[in-house]
1. Given the structure, is residue B:114 in contact with a strand residue (DSSP E or B) (Cβ under 8 Å, 6 or more places away or on another chain), closer than 26 Å to residue A:36 by Cβ and exposed (fewer than 15 other Cβ atoms within 10 Å of the Cβ)?
2. Consider region B:10-28. How many of its residues are more than 11 Å from residue B:110 (Cα to Cα) and assigned to a strand (DSSP E or B)?
3. Run residue B:105 past the list (1) surrounded by fewer than 15 Cβ atoms within 10 Å (Cβ to Cβ); (2) within 15 Å of residue B:26 (Cβ to Cβ) and report the number of the one that doesn't hold.
4. If I filter region A:54-69 for residues that are part of a loop (DSSP other than H, G, I, E, B) and either touching a residue at least 24 places away in the same chain (Cβ under 8 Å) or surrounded by 15 or more Cβ atoms within 10 Å (Cβ to Cβ) (or both), do I get at least one hit?
5. From the set of residues in region B:47-59 that are exposed (fewer than 12 other Cβ atoms within 10 Å of the Cβ) and more than 11 Å from chain A (Cβ to nearest Cβ), which is nearest to residue B:3 (Cα to Cα)?
6. Considering every residue within region A:31-46, establish whether at least one is part of a loop (DSSP other than H, G, I, E, B) and away from every other protein chain (no Cβ under 13 Å).
7. Sort through B:39, B:44, B:6 and tell me the only one that's crowded, with 17+ Cβ neighbours inside 10 Å, facing chain A (nearest Cβ under 10 Å), at pLDDT 95 or above and over 10 Å from the mean Cα position of the chain (by Cα).
8. Are any residues in region A:70-93 under 22 Å from residue B:94 (Cβ atoms) and surrounded by fewer than 19 Cβ atoms within 10 Å (Cβ to Cβ), and if so, which ones?
């Protein structure tokens, strides 16, 4: 069974631009979560989607948004990029997002802002 | 605020020896789930072991075991017979029964020496 796939693997953007990251969950998984990982702040939760609905959102500005499609694939969008948005963005999937269900992570997208 | 503290930024262990990574957490909830994830340089977060807070028995997965002390809010990871492939960042995380997000600690970098 294929794992969680994130594209692209690396991305370089400049301040003020916008970016879209993609995540394909493990087949059959309907819950997708996004995390931002930086050296200073560590791993921080962005949001979680289940059946195309955002169920939970972390403490990030409105520039960070996401969506989930009917096939459970998810995209994350960041608008008006800032230098501080440079990070590794990780996507994780689970069957239904249940609390005892482990989240399976992708390899992440490394976003660099110049 | 719900926090996870990993007090050891770096640890070192010799091959075949045993090492224990510390983790404490703070939550007001009584029902939650605890996890240890491993992140090698390849970036993918890999689930090592998980523990349900309502279970008194400590979880074990091959060479990995936990010491769960609910009253002390402590969740340490013991790695026995350490191998070179165990070298990675280790993150402690928990998820409450009322939330979907994983709350992560800052991580412990484990070095394994021959």
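1. For residue B:114, the condition - in contact with a strand residue (DSSP E or B) (Cβ under 8 Å, 6 or more places away or on another chain), closer than 26 Å to residue A:36 by Cβ and exposed (fewer than 15 other Cβ atoms within 10 Å of the Cβ) - is not met.
2. So the answer is 3.
3. Failing condition for residue B:105: (1).
4. yes
5. For region B:47-59, the residue satisfying everything is B:56.
6. no
7. B:39
8. Residue satisfying the conditions is A:88 alone.
The values are calculated or read from the model by the stated rules, or taken from the named source; none is laboratory data. Predicted model, so just to flag it, every value in this text is computed and none were measured. Please note: Cβ atoms are built from the backbone with ideal geometry, for glycine as well, and neighbour counts cover all protein chains shown.
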